[in-house]
Amino acid sequence: MLDLRPGDYVECVDNSPRSPISTIMPEGDRLYTVEEVRFIAGGYSLRLNELAPSCYMGGPCTCGDCGWDARRFRRVYRPEARKLELFKAMLRTLKPAIADPVPIGN
Ligand SMILES: [Zn+2]
């Protein structure tokens, strides 16, 4: 089972075309977000929000059936923006770890 789902961040680790029709390839070491994951014969196919793959009918894909082999990507863990906001809010409300100095000898 592939541990990728729409909205996940992925990094392209292999952008060498394996088919002559694959003229549109993701950039190596660049981050993308997963638009769609599909099970196909022999593995998984990914579509990305940032880039449309080459289409078997020619040009950038608009048919929705084309994608890249999921093995070209690795998942990158980044906090979702909403979770990051919660964490920032926690930091803002944290009590100081050290007590405020108290004057001695009063
Ligand atoms: Zn297509």
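Side notes on the structure shown:
- In the stretch 30-45, residue surrounded by the fewest Cβ atoms within 10 Å (Cβ to Cβ) [restricted to those that are more than 16 Å from the ligand (Cβ to nearest atom) and of a type in the set (G, A, S)]: A41
- Residues that are of a type outside the set (D, E) and in contact (Cβ under 8 Å) with a residue 24 or more places away in the chain within the stretch 26-38 comprise P26, L31, Y32, T33, V34, V37, R38, listed in sequence order.
- T93 being loosely packed, with under 10 Cβ neighbours inside 10 Å and of a type in the set (S, T, Y): yes
- All conditions in (1) within 16 Å of the ligand (Cβ to nearest atom); (2) within 19 Å of the chain's Cα centre (by Cα) hold for I21, with the sole exception of (2).
- Restricting attention to the stretch 46-83 and to residues that are part of a helix (DSSP H, G or I), in contact (Cβ under 8 Å) with a residue 12 or more places away in the chain and among the basic types (K, R), the residue that is farthest from the ligand (Cβ to nearest atom) turns out to be R71.
Rule-based calculations on the coordinates, nothing more; no lab input. This is a predicted model, so every value here is computed, not measured. Neighbour counts are summed over all protein chains in view; Cβ atoms, including those assigned to glycine, are modelled from backbone coordinates with ideal geometry.
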